[in-house]
Amino acid sequence: VASALTVAFGLATFIQRRFEPAKAKQLMKWVAFPSAVVASSLNCYIVRSPEITSGVPLLNDDFEDVAPGQTSQVAARNGVNSTTASRALLQAPVYFLPPVLIGSLPVLKRAVARNPALSVPLTTYLVLVSFGLGLPATVAIFPQMAEIDVQDVEEHYQGLRGKDGLPYQKLYYNKGL
């Protein structure tokens, strides 16, 4: 919360000092977006960062642990970072689609112009739809089960061989959501 407030206050102060009042008023409606991105991302990173120290197990193609009792901090860091990035990306459709749709689709634009009371329920509906579309998209960009090249993980995983006797080229880990 403190990070979001700091970003919001800092941007608002910057905008008000840098721009004429009319332009500042237009820009102020976008201050919430970077604030939400920072809050969501930082919260995710803080909550998930202990995983970096403890690590995550690495799995083979059959999702069996390749080194029982051992974990990879490299894969854990990748997982936490990609989850944090997905939280940041998730904010974009929620913040940008509703105003763009209401402002550009003639049917919505006319409906809100005729009856301004429709603005709040329509925006709420569009935010829910945007979240419903954005969440699967971010999960698709950063799937829960991630892969990592063997040469990118700790040395004790390099040279491990599968049931077929061949060295692993790729390993998998559950990065979480």
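The values are calculated or read from the model by the stated rules, or taken from the named source; none is laboratory data. Note that this is a predicted model, so its numbers are computed, not measured. Don't worry about glycine lacking a Cβ; one is built from the backbone with ideal geometry, like all the others, and counts go over all protein chains shown. Protein only, heavy atoms only, side chains kept; ligands, DNA and RNA dropped before computing areas. Shrake-Rupley method; radii C 1.70, N 1.55, O 1.52, S 1.80 Å.
Which order do 104, 35 take when ranked by solvent-accessible area (1.4 Å probe, heavy atoms of all protein chains), largest first?
Order by accessible area, largest first: 104, 35.
If I stretch the segment between residue 100 and residue 61 completely, what's the gain in nm (0.36 nm per residue apart, minus their alpha carbon distance), one decimal?
Result for the pair: 9.7 nm of gain on full extension.
Taking chymotrypsin sites (Phe, Trp or Tyr not before Pro) as candidate sites, keep only those in a DSSP loop with at most 15 other Cβ atoms within 10 Å, then name the longest stretch of the chain containing none of them.
By the stated rule (loop sites, at most 15 other Cβ atoms within 10 Å), 64-177.
Can you tell me the length gained on complete extension of the stretch residue 160 to residue 16, counting 0.36 nm per residue apart and subtracting the Cα distance?
Extra length available between residue 160 and residue 16 comes to 45.9 nm.
Find the Rg to Rh ratio for the range 119-175, where Rh is the Kirkwood radius over alpha-carbon pairs and Rg uses the same atoms.
Rounded to two decimals, Rg/Rh equals 1.38.
Report the gain in length on full extension from residue 111 to residue 53: 0.36 nm times residue separation, minus Cα-Cα distance, nm rounded to one decimal.
15.5 nm
Beyond 23 Å, what share of the Cα-Cα pairs of the chain is found? Please give it as a whole percent.
58 percent
Of all the stretches in the chain, which is the longest one without any exposed loop site, taking trypsin sites (Lys or Arg not before Pro) in a DSSP loop (any state but H, G, I, E, B) with at most 15 other Cβ atoms within 10 Å?
No qualifying site falls inside 30-162, the longest such stretch.
Could you grab the Rg to Rh ratio for the range 77-120? Cα atoms only, Kirkwood for Rh.
With Rh from the inverse mean 1/r over Cα pairs, Rg/Rh is 1.31.
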